[in-house]
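The structure under discussion appears below in the form of structure tokens.
The values are calculated or read from the model by the stated rules, or taken from the named source; none is laboratory data. Just so it is clear, the model here is predicted, and its values are computed rather than measured. Cβ sites come from the backbone with ideal geometry, for glycine too, and all protein chains shown count toward neighbours. SASA here: full protein model, heavy atoms, side chains in, ligands and nucleic acids out. Shrake-Rupley method; radii C 1.70, N 1.55, O 1.52, S 1.80 Å.
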Amino acid sequence: MKHILVIVALFFSTLSFGQNVQQEAWRNVKSIKADFTQEIKGEKGAIPVVYKGKLYAANNKVKWLYTSPLAKEVYLEKTQAYIYEPQLQQVTIGSLEESVDFIQILKRVQKIGKDSYKTQVGDITYYVIIKDSMPYELKYTDSIDNVVTIRFENVKMNTAIDNSVFIFQPPDDVEYIDGFAMRGVSFKLGVV
């Protein structure tokens, strides 16, 4: 009888472990493509600002391609950042205090609820919600007390992303803004 109980206990613990591994398969992310909607809430009573676009991330490189309400491209690679604003014909070049991208945040989070996770990077605490084994929402308060919520749709993980997506090639006639140290991890996630 003891042997049967031990076998049953092992079966259920293996089944439970297998479910946890399957549920958190997203932690093994190497690349990610997704559509995003980003909402920034400032002071109480202020109208939130909503942006839409596409995210590409792989190999410590990130591109946030904003499509609405204004076009903007944010390129991040390790501690370098480039922001191209076509309507202003400007490129801002800066260095980041710390090299952290969305994939690294996903790998660092710790479980705090059924589908919710959090991690601390510098002075910023990030909250992540996983839905259907995919990143669904990222939320944090940036260095100037804006509450930033980014929701992801059409998420594709571990698919090939052509390296040309991450090559920054602005038009020849843009103005370059002097480089500076960009403070706050919020910039690293595309909030500028």
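Among the residues of the stretch 133-168, those identified as without any contact (Cβ under 8 Å) to a residue 24 or more places away in the chain, touching a strand residue (DSSP E or B) at 6+ places or on another chain (Cβ under 8 Å) and not aromatic (Phe, Trp, Tyr) are Glu137, Lys139, Thr141.
Output the residues belonging to the stretch 64-90 that are of a type outside the set (S, T, N, Q), open to solvent by 20 Å² or more (accessible area, probe 1.4 Å) and touching an Asp or Glu at 6+ places or on another chain (Cβ under 7 Å). I'd like the intermediate steps shown before the answer.
Initial filter on the stretch 64-90 (of a type outside the set (S, T, N, Q)): 64-66, 69-78, 81-86, 88.
The next check asks that each one be open to solvent by 20 Å² or more (accessible area, probe 1.4 Å); those that pass are 65, 69-73, 77-78, 82, 84-86, 88.
Scanning the stretch 64-90 gives Leu65, Lys72, Tyr84.
Filtered by the rule that a residue be in a strand (DSSP E or B) and of a type in the set (Asp, Glu), the stretch 146-167 gives a lone residue, Glu153.
Being open to solvent by less than 50 Å² (accessible area, probe 1.4 Å), out of contact with any helix residue (DSSP H, G or I) (no Cβ under 9 Å at 6 or more places or on another chain), in a strand (DSSP E or B) and without any contact (Cβ under 8 Å) to a residue 60 or more places away in the chain is the filter here; which residues of the stretch 91-125 pass it? The answer is Ser116, Thr125. All of (1) at pLDDT below 90; (2) under 21 Å from Ile144 (Cα atoms); (3) open to solvent by 40 Å² or more (accessible area, probe 1.4 Å) hold for Tyr51 with one exception: (1). Taking the criterion of being outside any strand (DSSP E or B) and open to solvent by 30 Å² or more (accessible area, probe 1.4 Å), the residues of the stretch 126-145 that qualify are Asp132, Ser133, Ser143, Ile144, Asp145.
So if I check each of Leu88, Leu70, which one is closer than 18 Å to Ile150 by Cα, part of a loop (DSSP other than H, G, I, E, B) and over 14 Å from the mean Cα position of the chain (by Cα)? Steps first, please.
Numbers: Leu88 fails: closer than 18 Å to Ile150 by Cα.
Only one candidate passes the filter, namely Leu70.
Here Lys131 qualifies as modelled with pLDDT of 90 or more and among the basic types (Lys, Arg).
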